[in-house]
Amino acid sequence: MSIPGLIADHAHDRLDAPALMAPGFQTLTYGRLLSRIDNSVRCLNALGLGRDDRIAIVLSSNVDMAYAFLTVSSAAVCAPLSSSLRAQEYEALFRLMKVKALLTDAALESEAIDAARALNLPLLNILPSAGEIGGVFERSKSDFSIGPPARAGLAQPDDIALILHTSGTTGRPKLVPLTHRNLRQSANDIGEALGLTPSDRCLNVMPVYYIHGLSTIFASLAAGGSVVCAPQFDPTQFFDLMSQYRPTWYSAAPTVHQMILDQADRLPTGAIPRTLRFIRSASSAMPQQMLARIEQTFGAPHIEAYGMTETSPQIASNRLPESQRRAGSVGRAAGPRIAIVDDAGAMAAAFTVGEVVARGANVTQGYLDDPAANKAVFRDGWFRTGDQGYIDQDGFLFLTGRLKEIINRGGEKISPHEIDEVLLRHPAVSQAVAFPIPSARLGEDLAAAVVLRAGTEATSSEIRRFAAARVADYKTPSQILIVDALPTGANGKLQRRTMAAQLGMLFTEEAAPSPQERIAPRTETEAFIRDIWREVLRIEEIGAEDTFSALGGNSLFATLALTRIQNATGVRLSLFDFLETPTVAGLAARMETNHQSLSSVLPPITPRSPGSATPLSSSQQGLWFLDQLYPHSAAYNMHRALRLRGALDIDALDQSIHEIMRRHEALRTVFPADEAGNLEAVIAPLSPAALEHIDLQRLPAGAREAALRKVTALKARARFDLAHGPLLRAKLIQIDSQDFVLLLVTHHIVADGWSFNILLEELAAIYHSIVTGAPHSLPPLTCQFADFALWQQERLQGEHKASLLKYWTERLEGIPSQLALPFDHPRPARPTHQGAKHYFTASQISIEALSELGAQENITSFMFLLAAFCVLLARYSGQKDVVVGSPFANRLTLESESLVGFLNNTLILRVEQEETLSFRRLLGHVRKTVIDASTHQELPFETLVRALQPNRDSQRMALFQVNFRFRNLQAALTGFAGLTAEPMDVDNGAAKFDLACEMTTDERGLSGYIEYSTDLFEPATAQRIASDYQELLALVIANPDITLRELHEAPNAAPENPRR
């Protein structure tokens, strides 16, 4: 009656029968699984972990999670958790569960690792075996030691196998211990209800950290059948997996069924495999309309079941054949005894509505360390489910509602009390109540109503963002209403279950409001501006009173628009003009006003004379010098990686890259020194070899992703020979016949970030042309980078250069020589430029809220994010005068927009922070700083350094050591014929600066990374900086009028560290 016993029963008779299967891996047989269990027990015991010790498991892959459950529970107590919780949630659960160790994936950037380290918990990893599911457990550090386990060996039937947490009505999670006997009984009950046999195969689509997903595994194995686990549920892959593995059943929550049905609608008639014997649903009520659709789609009967975590999970189930099913019912008792009790606890007659109760060998004996909950829920040997329903004369159970307040949001259980407490922490909220609202998609959704404190102001979106920064995404209310008073029932108490009706809230899926009627341009100038915006923003519907930021514009798009306005009319407007008058009508009026007093018009970039020498820009000369100073550094390597899926034509891609090299001379330029040591720029002949093909298909499928990460990192950091080239490397790594990664690597001396957008857009267009035979629409280049370099040299002369130098020398007078950050290590005498990145997704930050605040203050997202980052730097360093470097495009003419080359320029942004200022006031200062810097962006950084002559120190970079950038122009990735393309992150292990932060926005929201010098910082410090930055962003979005003193003096503002 234990998990290992369950496996052993079948392994002895059917040694080679399949047990666990996954795409890209060899099938794990019963015999091999039993051997792995035996090895795992010995390994965990050797590490000091035994049958009483609790091991938290946080893994992103369902395959790994299933393997970990089967092996860990055979030796210890398994505590599986979602990989998407926040650090504070992990820490609270680790404490509550009293875990002894954390099993996780070292490559998984989960906040669970931060929480474990904060509690000094040992970390375990799974060391994979090539091509096989799972592997052996390894300790993450050599000093891993807990001591001998109190009870070693294989788990026994009455040992706890599993601890799961479920929401409690008080907001404190309840811990549900399930023994091996509980699980084995439930496995037998599910198998009997479904008629499972060794020939059955389940396709698992549910997360394995919930009892629903786990139960499909142990029920299948108890019957001697097999289970297919994909790493993650992806509805687009569901039918491919059906065709490949031919499962006989699957079980899912209604929300997952809906995603599968949506995918089925996209398939042609007859494309759906007819392999299923039945389809099962659980976790929440199955809508009858969906039930009918799913039976029609698969040509198989649907079985609805009912269960709870406390019952391992099955309580009731419908059965086959159809006479054993009843519409609207969750079935008859399927294992435990079930009954209905009235308010007094007495057993109720048939058709009498009351509370559903259950008792049996699959029911937990009680919650851990929670006597109050046990007293309320376990009475006279019965488990009170909190669900309301009745049983008919034939024993079929019908559910009519919920007595408990727990909100079931599409299968995710939420304690409304927990949400109340979070909302009440907002400084403007005096009362709060979270409650369910009906949802056609989720069944129940989460909403909240709040009452504001007297004399305070806050918007619903501000309060929602505040909550999102403190709880998991699924716990964030979809709607928040601000009301004068919270409605109560006749007894004067809040009634969560009727709150939605009392407030007039029906469904969350409301029709989107019709867009505000746009005002058509009224003058030729307004029409001209509108057309420029259409071209830059690539949208058609633009009215005269529309604001640029509301349409998706930002400072980079504004620069593009200004360049086009100047080239077409000769009128030179500034970014200040754009932000002051951000509508079509406002900018048109400003343009007409400025028409009579034009600033100097930039001359166009023209081709240099044939046969003339190839000039270098001052920025290129500076990078060449750094390459000589640090010959083994990859700090100035630049790269982009694309994941390409589909039938790739490798020859066509090779030809496309060859054509890119032909179009752009910069990519063929090398930088030798002549006999006298003088630096030259030479345009090399076009080389026939453009693309290196690296095939990983010889490796086992399960090992290819790890190999891919290693190959891309190595190729991205390989040193360039500037004298001989080539300075563009194109690598195609093939994972399988339909899966590739294209890695483009250049040295910064021939390209910048803008250049990569050009490369990718042109590459897609040329590839599409070659594959389809249609001509591409790329216009011929009117000039090359060398022409820009000559144009720049001629322009930076006389009064113009002097005025630029005057601005920068005055602006930077008296800047601090360094920023005293909390280093973990002393600065070395000579930097190695070795670094790492900590990636993060700021899911709690609303792009809409950023845009809303930007519109109020006439600022761009870059300005806002920069201001917040500088506040964070001031908090860490204790300095109120903060200096950072930031790259600006420096493409001021129309011709320069299509050039590949090192055109961008690093500008020094000085942000002085008087503590009495509010953050809103600081935004105004930063806005002026950025606009002024942009207006004077032509002066090359190297020229500025020579003019200022700062104290040069080989230990650190001159003028600034921290970099901030906002990548807000992404290359279009839709033009690769027949392929899907998505960007892939690659870390080349290099860092140019002490610390850098890059932020970007896309359809998923706001994300970024902290790049740090490993000479100076430990990974945990970078993770803290990223976490603090996100918290600060959420805080200032919610309350932009907070003072800088409050922000600088935030609790635990900076880690104590003497190495500043």
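No value in this document is a laboratory result; all are computed from the given coordinates. What you see is a predicted model; the values in this text were computed from it and never measured. Neighbour counts are summed over all protein chains in view; Cβ atoms, including those assigned to glycine, are modelled from backbone coordinates with ideal geometry.
Pull up all non-local amide H partners of PHE966: gap of 5 or more, or a different chain, and H-to-H distance under 5 Å with H placed in the peptide plane.
Hits under the 5 Å cutoff: MET999.
For the chain, find the longest principal axis of its Cα atoms and tell me its angle to the long axis of helix 618-629, 0 to 90°, nearest 10.
That works out to roughly 70 degrees.
Hey, got the dipole for the chain? About the Cα centre, +1 on K and R Cβ, -1 on D and E Cβ, debye to the nearest 20?
For the chain, the charge dipole is close to 1900 debye.
Over the C-alpha atoms of the chain, what are the Rg and the largest Cα-to-Cα span, Dmax, in Å?
31.9, 104
What is the helix-to-structure angle for 30-46, meaning the angle in degrees between its Cα long axis and the longest Cα principal axis of the chain, kept from 0 to 90 and rounded to the nearest 10?
Orientation of helix 30-46: about 80 degrees from the principal axis.
Short version: ³J(HN,Hα) in whole Hz for each residue of the range 431-438, in order, from phi by Karplus 6.51 cos²θ - 1.76 cosθ + 1.60 (θ = phi - 60°), x for Gly and Pro, what are they?
9, 8, 9, 9, 7, x, 10, x
Report the gain in length on full extension from THR27 to ASP158: 0.36 nm times residue separation, minus Cα-Cα distance, nm rounded to one decimal.
Extra length available between THR27 and ASP158 comes to 44.1 nm.
Using amide H atoms built in the peptide plane, which far-off residues or other-chain residues are under 5 Å from ALA101 H to H?
It is ALA56, by chain and number.
Over 32 Å between Cα atoms: which of LYS731/LYS801; LYS801/LYS928; LYS731/LYS928; LYS806/LYS880 fall into that group?
Too far apart for the 32 Å limit: LYS731/LYS801; LYS731/LYS928.
On full extension of the chain, what length is gained from ILE519 through LEU15, given 0.36 nm per residue of separation minus the C-alpha to C-alpha distance?
174.0 nm
Across the range 732-743, in residue order, what do the Karplus-derived ³J(HN,Hα) couplings come to in whole Hz, using 6.51 cos²θ - 1.76 cosθ + 1.60 with θ = phi - 60° and x for Gly and Pro?
10, 9, 9, 8, 8, 5, 10, 9, 9, 10, 9, 10
Which one, LEU261, TYR636, GLY147, is farthest towards the positive end of the dipole of the chain when Lys and Arg carry +1 and Asp and Glu -1 on their Cβ?
GLY147
Take the alpha carbon atoms of the range 741-756, find their center, do the same for the range 248-295, and report the distance between the two centers in whole angstrom.
45
In whole percent, what relative contact order does the range 167-303 give with Cα contacts below 8 Å and a gap of six or more residues?
Over the range 167-303, the number comes to 21 percent.
Between the range 621-679 and the range 63-87, what is the separation of their alpha carbon centroids in Å?
Taking the Cα centre of each part, the range 621-679 and the range 63-87 sit 45 Å apart.
³J(HN,Hα) across the range 828-840 via Karplus (A = 6.51, B = -1.76, C = 1.60, θ = phi - 60°), whole Hz, x for Gly/Pro?
Couplings: x, 4, 9, x, 8, 6, 7, x, 8, 10, 10, 8, 8 Hz.
Mind checking the range 42-149 for chymotrypsin sites (Phe, Trp or Tyr not before Pro) that DSSP puts in a loop (not H, G, I, E or B) and that have at most 15 other Cβ atoms within 10 Å?
Here the chymotrypsin sites (Phe, Trp or Tyr not before Pro) that fit, given the DSSP loop and packing criteria, are PHE144.
For LYS837, list the lysines whose Cα falls under 20 Å from its own Cα; do not include residues on the same chain fewer than 8 positions away.
Excluding near neighbours in sequence, the set is LYS710, LYS715, LYS992.
Explain nothing, just the number: relative contact order of the chain, from Cα pairs under 8 Å at least 6 residues apart, as a whole percent.
This gives 9 percent for the chain.
Give the residue from GLN621, ALA707, LEU732 lying farthest towards the positive end of the charge dipole for the range 618-787; charges sit on Cβ (+1 for Lys and Arg, -1 for Asp and Glu) and the dipole is referred to the Cα centre.
Positive-most Cα among the choices belongs to ALA707.
If contacts are Cα pairs under 8 angstrom and at least 6 residues apart, what is the relative contact order of the range 618-787 in percent?
That works out to 33 percent.
Test of the criteria: in the range 733-833, which GluC sites (Glu not before Pro) are in a DSSP loop and have at most 12 other Cβ atoms within 10 angstrom of their Cβ?
GLU813
With label points built 7 Å along Cα→Cβ from the Cα atoms of GLN834 and GLN495, find their separation and express it in nm.
Once both label points are built, they end up 6.7 nm from each other.
Fewest Cβ neighbours within 10 Å first, please rank PHE557, PHE548 accordingly.
Lowest count first: PHE557, PHE548.
Report the convex hull volume per residue for the range 167-295, counting only C-alpha atoms, in Å³.
It is 128 Å³ per residue.
How many nm separate the modelled label positions at GLU540 and LEU403, each set 7 Å beyond the Cα in the direction of the Cβ?
It is 5.9 nm.
Simple spin-label model, 7 Å along Cα-to-Cβ: HIS825 to ALA774 in nm?
5.4
What is the helix-to-structure angle for 3-13, meaning the angle in degrees between its Cα long axis and the longest Cα principal axis of the chain, kept from 0 to 90 and rounded to the nearest 10?
80
I need the shape label for the range 744-798. Rule: rounded when a/c is under 1.5, else prolate if a/b > b/c, else oblate, with a, b, c from the alpha carbon gyration tensor.
oblate
So between ARG709 and ARG274, what do we pick up on full extension, going 0.36 nm a residue minus the alpha carbon distance?
That pair, ARG709 and ARG274, stretches by 152.8 nm at full extension.
Taking 56 Å as R0, compute the FRET efficiency from the Cβ-Cβ separation of SER609 and THR1043 and round it to 0.05.
E between SER609 and THR1043, to the nearest 0.05, is 0.40.
Would you mind ranking THR935, THR569 by Cβ crowding within 10 Å, fewest neighbours first?
Taking fewest neighbouring Cβ atoms as first place, the list is THR935, THR569.
Based on the mean of other beta carbon atoms within 10 Å per residue, what is the order of 980-991, 726-737, most packed first?
Top of the packing list down: 726-737, 980-991.
Between the range 1-53 and the range 446-472, how far is it from one alpha carbon centroid to the other, in angstrom?
For the range 1-53 versus the range 446-472, the Cα centre distance is 49 Å.
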